[in-house]
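The values are calculated or read from the model by the stated rules, or taken from the named source; none is laboratory data. For clarity, every value in this text was computed on a predicted model and none was experimentally measured. Methodologically, a virtual Cβ is constructed for each residue, glycine included, from the backbone with ideal geometry; neighbour enumeration extends over all protein chains shown. For accessibility, only protein heavy atoms count, side chains too; no ligands or nucleic acids. Shrake-Rupley method; radii C 1.70, N 1.55, O 1.52, S 1.80 Å.
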Amino acid sequence: MCGKFTQMLSWDRLVDLDELIRSTSGPPETVTPMRFATVICHGEKRKTQRMRWGFVPSHAHDPMVGTKFIHARAETLDEKPTFRDAFFNRRGLVVVHTFNEGREITPRKTEQHVITPRDGKPLAIAVIWEHWAGAPAPGLDSFAMVTVPANRLIGTITDRMPAVVLPEHWATWLGETPARVDEIKAILRPVEGDWEMQPEKPKREPPPPRQASLF
């Protein structure tokens, strides 16, 4: 399942799709579990908020429990006690430039692949979020990425993928448009797209420092 994505830093305060599409330049921000990302959410109005990837339930004693809740399966969001309240009341979107999926080589090793829309336009991934009020104040906002069965492309390497929310469903998923539970869950389905998937290039290691000559 997805363990890395990139966002453009220029998207930090953008909440509408048209704004995001027009702002496709700028340095990328790479986000991995337990790091912060920009999340679009809705309270009195639509807004962006920095949250940590790794869902911390409100009753948790330790915020590091978030390492266990990176993903949440779409099929059981309204049933699982950990996620149920967030599903009904705190849904958000993470807008990404690219995202990664891994093909398992061994139980301890995966080959990472980068998925990129060919048209360069951003994708919105469904998340649920929670506020943890533990110390130190003011607490911590955190999220889990919602996953669905893989589409045809991603299914060639793994069986799950992020739940990509199409633009026409943003308002329903964020809770701006009233909807029944079955209508909300119907949004969470595998999306086919004109995407490119390439193995992630390994990082080049810096050369070792040259040793001083002994002679």
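Surrounded by 15 or more Cβ atoms within 10 Å (Cβ to Cβ) and free of Cβ contacts under 8 Å to residues at least 60 places away in the same chain, is that true of residue 124?
No, not satisfied.
If I ask for residues that are buried (at least 22 other Cβ atoms within 10 Å of the Cβ) and in contact (Cβ under 8 Å) with a residue 60 or more places away in the chain, which ones from the range 147-169 would you list?
Passing the criteria: 147, 161, 162, 163, 165.
Counting just the residues of the range 165-194 that are at pLDDT 95 or above and of a type in the set (Gly, Ala, Ser), which one comes out nearest to residue 123 (Cα to Cα)?
That would be 171.
Exactly one of these conditions fails for residue 197: (1) open to solvent by 70 Å² or more (accessible area, probe 1.4 Å); (2) farther than 26 Å from residue 88 by Cα; (3) at pLDDT 95 or above. Give me its number.
(1)
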